[in-house]
1. In segment 51-81, what count of residues is obtained for those that are within 20 Å of Asp337 (Cα to Cα) and either assigned to a strand (DSSP E or B) or without any contact (Cβ under 8 Å) to a residue 60 or more places away in the chain (or both)?
2. Among the residues of segment 264-272, is any modelled with pLDDT of 80 or more, closer than 30 Å to Asp34 by Cβ and among the β-branched types (Val, Ile, Thr)?
3. Among (1) surrounded by fewer than 22 Cβ atoms within 10 Å (Cβ to Cβ); (2) at pLDDT below 95; (3) farther than 27 Å from Gln227 by Cα, which single condition is Gly117 missing?
4. Can you tell me which residue is farthest from Val336 (Cα to Cα) among those in segment 82-94 that are surrounded by fewer than 24 Cβ atoms within 10 Å (Cβ to Cβ) and over 20 Å from the mean Cα position of the chain (by Cα)?
5. Would you mind telling me which numbered condition in (1) at pLDDT 75 or above; (2) closer than 20 Å to Ser247 by Cβ; (3) not hydrophobic (A, V, I, L, M, F, W, C) Gly369 fails?
6. For segment 403-439, how many residues meet the condition of being surrounded by fewer than 12 Cβ atoms within 10 Å (Cβ to Cβ) and polar (S, T, N, Q)?
7. Go through segment 317-361 and give me each residue that's closer than 19 Å to Arg44 by Cβ and polar (S, T, N, Q).
Amino acid sequence: MNWGMLALLGFLFVGFPLSRGEGGRVVVIPVREDVDSPLAYLIRRGVKEAMAMNAECLVLDMETNGGRVDVTEEIIEILNQFKGRTITFVNRKAFSAGAFIAVATSQIYMAPQSVIGAAAPMLMAPGGGVEKLPDSVEAKMTSGISAMIRATAEKNGHNTHVIEAMIDRNKELIMDGVTINEKGRILTLTNLEAEKSYGNPVKPLLSLGTVPNLDGLLQQLGFNASQVTRISQTGAETIGSWLAKISPFLLIAGILGVYLEFKTPGFGLPGIVGISAFTLYFLGGYIAGLSGLEWVIFFLLGLTMFGVEVFLFPGTVILAVIGGALMFVSLLMGWVDYYPGMPRIPDAVQLRLPLFNLAIGLACAAAFGWLLSRFFVKTRLYGRMISTGQSGILSVLKSESNQATEIGSEGIAMTDLRPGGRAQFGEQLKDVSTQGELIQKGSRIRVLHHTNGRPVVVEV
């Protein structure tokens, strides 16, 4: 949250350098269980914290059976944002997607009796477990994944032939006359096998060495306890992954809820649903490690300006336009993936997913809104909803009856009407508005009709 506010200030004052903390620190991120969206959120949070504190080194403490390829690709992109030293410590195992993530770091160390590899693509069965891919599908997936991971390995100085043998069962690996992997098998290396050196010049196969434990590795790297920041995994990342999946639906619910709230008197169920949906929408972005909660403030400011225009100064237009723009920008920026040091204005890649979700949300909300305006207002449920805002249907009918009797009545403007203001009708002082024109204080006025329960007047 604090970094989000700093990023906001930097956005407002473009070009102002923002930095925090001192160098010489290391951030440790645990990689546990399956590689899925919650892990991507955790790593994004850790990378951003490391960048914000100008950390020298980022360490992945890995023990995983693997997981989704699409999430693995996302994690690799996240790790590429950190420009310092990146290290994977294979605490026990780094299978499949875990091996892919490991080669996305510049160095790999392993614990005693740990293993890495077995990264061939698999198909998850509906009831759990894995199924063998059809040969044509396997060949296509293997080719695509191999190219992506090979490019990642090349970037970080790892042996691409080793990585290919972990992915492609048809890849034979022979180095210095030693058959490391036979054709028809998927390569998996123990810690001792991974640190053996081959080639000319001589170079370790994959691992730079075996270290007893993570603390021993940190000590070997030259970091003491006061320099280590450990990122803890929480259940919030799991919640965030579900909120991310339903974010377009949250937008639809939020827009429709606010729309119905403006259409019904008082404050009731639609307003509660709308506010709750928008809250969950922004919360999902915050948990996912995207933009901070400062955009909630901007959204509330925009909503307030829009409400002021509708209820207090109808016809001014400018308040509604500014309020709507603030709400739109807030909904967009709430899911923009921003990293410390990035330009304050997001690029097309950063805006792609937020724009897609927002477009779906607005389009569906507009369609549902049209259906509601045509059919829902005629239902009994609508009558029950508006009754909760006042004292029932009778109160609404009474209010409409009073408004009908006010049409044509005359009074005196007690303030300048710009176009909103106050006027005296007999013994009653009421909030009124004009059709856009200015009426000076003390002028005689007449009620033409009502908008949102407020008299609309003209000068007599």
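1. Residues meeting the conditions: 11.
2. Among the residues of segment 264-272, not one is modelled with pLDDT of 80 or more, closer than 30 Å to Asp34 by Cβ and among the β-branched types (Val, Ile, Thr), which makes the answer no.
3. Status for Gly117: all satisfied but (1).
4. Out of the qualifying residues, it is Arg92.
5. (1)
6. Number of matching residues: 2.
7. Across segment 317-361, the qualifying residues are Gln350, Asn357.
Okay, residues lined up against (1) of a type outside the set (A, V, I, L, M, F, W, C); (2) under 30 Å from Leu362 (Cα atoms):
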site	(1), (2)
Lys203	yes, no
Leu206	no, no
Gly216	yes, no
Gly222	yes, no
Thr234	yes, no
Ile239	no, yes
Trp242	no, yes
Ile246	no, yes
Gly254	yes, yes
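The values are calculated or read from the model by the stated rules, or taken from the named source; none is laboratory data. All values derive from a computational prediction rather than experimental measurement. Cβ coordinates were reconstructed from backbone atoms using ideal geometry, including for glycine residues, and neighbour counts include every protein chain displayed.
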